[in-house]
Amino acid sequence: MGLVDSLQVSCCVKKMLPLGFLTAFSAVSLFTYGYVSWESSNTGFEEQETLEKGFDDHVPQREVGRQPHIIFILADDQGYRDIGYHGSEIRTPTLDRLASEGVRLENYYVQPICSPSRSQFITGKYQIHTGLQHSIIRPSQPNCLPLDNLTLPQKLKKVGYSTHMVGKWHLGFYRKECMPTQRGFDSFFGSLLGSGDYYNHYKCDSPGICGYDLYENNKAAWEHDHGIYSTEMYTQRVHKILAKHNPKRPIFLYIAYQAVHSPLQAPGNYLDHYRSIPNENRRRYAAMLSCLDDAVNNVTLALKRYGFYENSLIIYSSDNGGQPMAGGNNWPLRGSKGTYWEGGIRAVGFVHSPFLKNKGYVCRELIHITDWFPTLVTLAEGEIDESIQLDGYDIWETISEGKPSPRVDILHNIDPMYTKARNGSWAAGFGIWNTAIQSAIRMKEWKLLTGNPGNGDWIPPQSFSSIGPSRWHNERVTVSSGKSVWLFNITADPYERNDLSDKFPDIVKQLLRRLAQYNKTAVPVRYPPRDPRSNPKLNGGVWGPWYKDNKKKKGNKTKSKKDKSKKKPKHRKQQFSGCHPSPFES
């Protein structure tokens, strides 16, 4: 952790309210947990010498008409604290270096759970405008990202990009039209569901409803399943894509790693580095993140080896906050994954590129995951059709040149299906808004929450004892029985410790009116009941499209029987010795 960052954190800590001995100790830990640079002893690459010397200092001037290669890396469930430059005990030297040589995004927001964040990245739209306001897309639901939404890869293909996705989709698959290759990707290699075993790629949605989930394009990738840890397997696929692609042609690579989402599975050699962490979940989580850090390093080296790096734009982001019960940590932010407190929605993010005009600085301008769509399309020399009605903004000048963000507000969400706040009412919302409804909105420095925003505990690092995180070490929050509205000045109080809703009723009203305006534009929620036809047992043991058009029903039945008769290859659930891909193929 640098001196400047330590001083900044120290200043922030001084503004915090007295919180007792444990909390004070937690605050001090923000800057006493010094980050010590650590490198894995074996990268498996002959470019290790280049890595040790650091990245090239040469910064090319981007030619007019030269479309950049776009590499978007999405981590899964990475906590806000869980990166070296935020003071974590988890070692992330690659991510720290890429961020320090690029632009760190410290006022960057995503959604609190998987599917909504991914949908907003790929469409540039808030989830109230796609019908995905509630929860995630579940394996057995006949649901997917609505087919009438134009996607980012579709836009990039129109301007000559080769588009490839590796990793976790989680945007629905009940019909073939929902699959990644039907939504703009030239190729897809990865999983369709939200989670699964890192080695054998099986997932159970409920008892007895289990199936295989590793795909290559539109078919189950049985022949590619060798029991390899998914972080390594996905990185190997990225290498193959780059090796075969002509760097003179623009490429869009969306790498959505499964890590560090549960189940908490990590290669043994990475676990060895974290024997000092007593909490088993935290220890495994740390090992998984270090493995991911090495994977990002190897992706970067591949970009250099195959001639892509000098014309590349690398974006790194988490899809939501960390889950403390699964090893993640968002301290000093409040809340966790699945909540609309800052710990659920403020994400780790940075941009690394030779084309950044300003480098090595921290961007504190307001940025949201929907902003990547118009930003990347514009950088790719595409056009934004006004009829699409995006919710994102082009924020490239904000990132590259330090200019003010064009964004002044963020609708975090309005979820009319979520459990209503028991004491919420129209009266509590001044007749403007029913505060029983779960919603959250940010406007400049102000943030308003209504309804039930989720568990609002603060969980400091030392909470991760032998089992925990221990509730004895958490700052537990008991929401008063009549509470259904909260207001915070996030600029002055990023840790959401001082509710100002009673002090500034006029600002509350202003934000409630803005919520009401947004709600008028919302489309109906898409959250259908489970479909028994989704059972993998009816589809050759594989999770995949099950919806059958009535006109093709007869033909599909025959095909289904044929699929069932296929002999599935045996799986080898083996341990993987490291996250470093095999040497480059010739």
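The values are calculated or read from the model by the stated rules, or taken from the named source; none is laboratory data. Here the structure is a predicted model, which is why all the values come from computation and not from measurement. Virtual Cβ from ideal backbone geometry, glycine too; neighbours counted across all protein chains shown. Note: accessible area is taken over every heavy atom of the protein model, side chains too, but ligands, DNA and RNA are not part of it. Shrake-Rupley method; radii C 1.70, N 1.55, O 1.52, S 1.80 Å.
Values for this structure:
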quantity: Candidate set from the stretch 307-344 (those that are of a type in the set (G, A, S) and part of a loop (DSSP other than H, G, I, E, B)); member that is most open to solvent (accessible area, probe 1.4 Å); calculated: G307
quantity: Criterion (of a type in the set (A, V, I, L, M), surrounded by 24 or more Cβ atoms within 10 Å (Cβ to Cβ), farther than 20 Å from A295 by Cα and in contact with a Cys (Cβ under 7 Å, 6 or more places away or on another chain)) met by exactly one of L105, L152; calculated: L105
quantity: Residue in the stretch 360-376 that is under 18 Å from Q127 (Cβ atoms) and over 23 Å from the mean Cα position of the chain (by Cα) present; calculated: no
quantity: Matching residues, the stretch 387-413, being more than 30 Å from K359 (Cβ to Cβ) and more than 20 Å from the chain's Cα centre (by Cα); calculated: S387, I388, Q389
quantity: Qualifying residue in the stretch 350-361 (condition: assigned to a strand (DSSP E or B), out of contact with any helix residue (DSSP H, G or I) (no Cβ under 7 Å at 6 or more places or on another chain) and at negative phi); calculated: yes
quantity: Residues of the stretch 485-498 satisfying the condition of being closer than 19 Å to S425 by Cα and open to solvent by 10 Å² or more (accessible area, probe 1.4 Å); calculated: V485, W486
quantity: Cβ pairs under 7 Å, 6+ apart, first in the stretch 72-89 and closer than 10 Å to P461 by Cβ, second crowded, with 24+ Cβ neighbours inside 10 Å and of a type in the set (F, W, Y); calculated: R81/W331
quantity: Scope the stretch 421-458; condition out of contact with any strand residue (DSSP E or B) (no Cβ under 8 Å at 6 or more places or on another chain) and either at pLDDT below 95 or among the β-branched types (V, I, T) (or both); matching residues; calculated: R422, N423, I432, G454, N455, G456
quantity: Checking E223 against (1) part of a helix (DSSP H, G or I); (2) within 20 Å of the chain's Cα centre (by Cα), the condition it does not meet; calculated: (2)
quantity: Selected residue [on the phi < 0 side of the Ramachandran plot, touching a residue at least 40 places away in the same chain (Cβ under 8 Å) and touching a Pro at 6+ places or on another chain (Cβ under 7 Å)] from S466, S439; calculated: S466
quantity: Selection from the stretch 461-484 of residues that are at pLDDT 75 or above, surrounded by fewer than 23 Cβ atoms within 10 Å (Cβ to Cβ), not basic (K, R) and not in a helix (DSSP H, G or I); calculated: S465
quantity: Considering residues of the stretch 78-100 that are over 14 Å from G322 (Cα atoms) and either in contact with a His (Cβ under 6 Å, 6 or more places away or on another chain) or polar (S, T, N, Q) (or both) only, the residue most open to solvent (accessible area, probe 1.4 Å); calculated: S100
quantity: Hits in the stretch 155-180 - residues which are more than 16 Å from L74 (Cβ to Cβ), hydroxyl-bearing (S, T, Y) and part of a strand (DSSP E or B); calculated: S162
quantity: Single residue of the stretch 523-538 satisfying the filter (assigned to a loop (DSSP other than H, G, I, E, B) and in contact with a Pro (Cβ under 8 Å, 6 or more places away or on another chain)) that is farthest from W222 (Cα to Cα); calculated: V525
quantity: Selected residue [in a helix (DSSP H, G or I) and not basic (K, R)] from N200, N269, N246; calculated: N269
quantity: Filtered residue count, the stretch 181-195, keeping only those that are at negative phi and either at pLDDT below 95 or in a loop (DSSP other than H, G, I, E, B) (or both); calculated: 7
quantity: Residue in the stretch 283-306 that is in contact with an Asp or Glu (Cβ under 7 Å, 6 or more places away or on another chain), farther than 28 Å from W543 by Cβ, part of a helix (DSSP H, G or I) and open to solvent by less than 40 Å² (accessible area, probe 1.4 Å) present; calculated: yes
quantity: Selected residue (criterion: surrounded by the most Cβ atoms within 10 Å (Cβ to Cβ)) from residues of the stretch 207-221 that are more than 17 Å from F185 (Cα to Cα) and free of Cβ contacts under 8 Å to residues at least 24 places away in the same chain; calculated: G208
quantity: Subset of the stretch 155-195 [open to solvent by less than 20 Å² (accessible area, probe 1.4 Å) and among the polar types (S, T, N, Q)]; calculated: S162, T163, S191
quantity: Residue pairs meeting the criteria (Cβ under 9 Å; at least 6 apart or on separate chains; first more than 12 Å from V296 (Cα to Cα), in the stretch 230-242; second assigned to a helix (DSSP H, G or I)); calculated: M233/H224; R237/H224; L242/V299; L242/A302; L242/L303; L242/R305
quantity: Subset of the stretch 245-263 that is in contact with a Phe, Trp or Tyr (Cβ under 6 Å, 6 or more places away or on another chain) and not aromatic (F, W, Y) - its residue that is surrounded by the most Cβ atoms within 10 Å (Cβ to Cβ); calculated: V260
